[in-house]
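The values are calculated or read from the model by the stated rules, or taken from the named source; none is laboratory data. The structure displayed is predicted, hence computed values, not measured ones. No Cβ is skipped: glycine too gets one built from the backbone with ideal geometry, and neighbour counts run over all protein chains shown.
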Amino acid sequence: MSVLTGVPDARDFLATDSLLDEEEILIRDTVRRFVAERIVPDVGEWFERATFPRELIKDIAALGLLGMHLDGYGCAGTNATSYGLACMELEAGDTGVRSFVSVQGSLAMFPIWAYGSEEQKQRWLPAMAAGDAVGCFGLTEPDSGSDPAGMRTRARRDGDDWVLDGTKMWITNGGIADVAVVWAMTDDSVRGFLVPTDTPGFSANAVERKLSLRASVTSELVLEGVRLPGDAVLPGVQGMRGPLSCLSEARFGIVFGAMGAARACFEAALDYAKTREQFGKPIAAFQLTQRKLVDMMVAVNRGTLLALHLGRMKDAGDLAAAHVSVGKLDNVRVALDVARTARSVLGANGVTLEYPVIRHMNNLESVLTYEGTNEIHTLILGQALTGHAAFA
Ligand SMILES: Cc1cc2nc3c(=O)[nH]c(=O)nc-3n(C[C@H](O)[C@H](O)[C@H](O)COP(=O)(O)OP(=O)(O)OC[C@H]3O[C@@H](n4cnc5c(N)ncnc54)[C@H](O)[C@@H]3O)c2cc1C
């Protein structure tokens, strides 16, 4: 067959849409429309005022996006690729909204779904899928981030009860959560606990003055003698495998999400370059600008293909945690590069919230750090390649 001669669509240059089935396109388009109508018009203001739009939670739930890749208990039960595509569209709007959905579905609902008792599932999952209850995931602490096994939060038995003491830090959704999935060290191993946030001794304090993920709630969780019944522990998992498996789920969404943010930056730069004139012509007509636009387009298409490939592997049951690390490592650093390049195309306008670029750029700095920093994913992959763990 010969090569076609037409000019590809600048917004889907490699025609990646052809890799999606009808249902995936429907889900993707539905989320894209929601983002265009409900997020894009106001997100600059939410970011500026540092508020998360809680009023959107029920609407996000009505689209079936909360715990969407889980089966049963009111969850939509889509394939993993569709979940990834939803993350991509949400993050094209704002990383904060994607983070809300990731934390709710992958970090709070997933451990209950995978490791919870039937009673725990019945109590929390339908309410969380419907947006009537919000969850958060407490793993990181002030003194243990990349090395969460060094946690100080302790859970001790007292008769039939558990008593939790400790502090969790940087917890997305913390201040708006109804239930916190808290990982704590017991006498034997790390265990996950479901902590209703109205339990005496539990409090959440907002992390203030963030310059990234401002349209997202980030909190410190304080647990002081938090007494829970014996059945508050997740029965199905012990050890660091529990939290790490949840992180793999959420990182998978980030592989797609980062490309959503990158795509939004590329498109903003492309639109701007075509209309902004200097030296008597659009800046898009300068070779140096074209190089930036081409580099961004190639990066977004390559990262999207990588995300879709990992999605297909997950749906086939062939995805290992180290595969997810390839996507998290590369797509986030590439997205950040795209955002910075787009910012330069917009010149001075690129530093204001009138355009989405600097908001995405600042948000992506958090994405580079959370869910395993770039250094940690490099070490995970280094170990996978060589057999040598170089973490410590
Ligand atoms: C906005 C936001 C939201 C978050 N949400 C959540 C949440 O919902 N739940 C949760 O539990 N956590 C959350 N986190 C925390 C996040 O997961 C941690 O910030 C992350 O794991 C890194 O930990 P740290 O910030 O303590 O950095 P550190 O671990 O102190 O790392 C600092 C630097 O040292 C590097 N480093 C560390 N160890 C090594 C090593 N062995 N070799 C080479 N370099 C190394 C790191 O890569 C990094 O560059 C969130 C963070 C942010 C910013």
Completion exercise
Log entry, pairs with first residue in segment 264-290 being crowded, with 20+ Cβ neighbours inside 10 Å, second being among the hydroxyl-bearing types (Ser, Thr, Tyr) and part of a helix (DSSP H, G or I), beta carbons closer than 7 Å, six or more apart or on different chains, reads Ala273/Thr289; Ile283/Thr289
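Per-residue answers, yes or no, for (1) touching a Lys or Arg at 6+ places or on another chain (Cβ under 9 Å); (2) in a loop (DSSP other than H, G, I, E, B); (3) away from the ligand (no atom under 11 Å from the Cβ); (4) charged (D, E, K, R):
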{"position": "Tyr73", "(1), (2), (3), (4)": "yes, yes, yes, no"}
{"position": "Cys87", "(1), (2), (3), (4)": "yes, no, yes, no"}
{"position": "Ser99", "(1), (2), (3), (4)": "no, no, no, no"}
{"position": "Ile112", "(1), (2), (3), (4)": "yes, no, yes, no"}
{"position": "Glu119", "(1), (2), (3), (4)": "no, no, yes, yes"}
{"position": "Ala127", "(1), (2), (3), (4)": "no, no, yes, no"}
Practice task
Using the structure shown, decide if Leu14 is in contact with a Ser or Thr (Cβ under 9 Å, 6 or more places away or on another chain), farther than 26 Å from Cys246 by Cα and either surrounded by 15 or more Cβ atoms within 10 Å (Cβ to Cβ) or of a type in the set (A, V, I, L, M, F, W, C) (or both).
Solution key: yes
Exercise for the section: Output the qualifying pairs, or none if there are none: Cβ atoms under 7 angstrom, residues six or more apart or on different chains, first residue in segment 338-355 and under 20 Å from Trp46 (Cβ atoms) and among the hydroxyl-bearing types (Ser, Thr, Tyr), second residue modelled with pLDDT of 95 or more and in a loop (DSSP other than H, G, I, E, B). Expected result: Tyr355/Leu346
Handout entry: Test: Ser344 is within 16 Å of the ligand (Cβ to nearest atom) and not aliphatic (A, V, I, L, M)
Key = no
Problem - Sole residue being part of a loop (DSSP other than H, G, I, E, B), within 22 Å of the chain's Cα centre (by Cα) and of a type outside the set (A, V, I, L, M, F, W, C), chosen from Asp337, Asp318 - result: Asp318
Handout entry: Hey, Asp161 at pLDDT 95 or above and either within 10 Å of the ligand (Cβ to nearest atom) or touching a strand residue (DSSP E or B) at 6+ places or on another chain (Cβ under 8 Å) (or both) or not
Key = yes
Exercise for the section: Could you tell me whether Val237 is more than 14 Å from the ligand (Cβ to nearest atom), among the aliphatic types (A, V, I, L, M) and part of a strand (DSSP E or B)? Expected result: no
Problem - Qualifying residues in segment 356-388 (those that are more than 15 Å from the ligand (Cβ to nearest atom) and not in a helix (DSSP H, G or I)) - the one nearest to Val40 (Cα to Cα) - result: Pro356
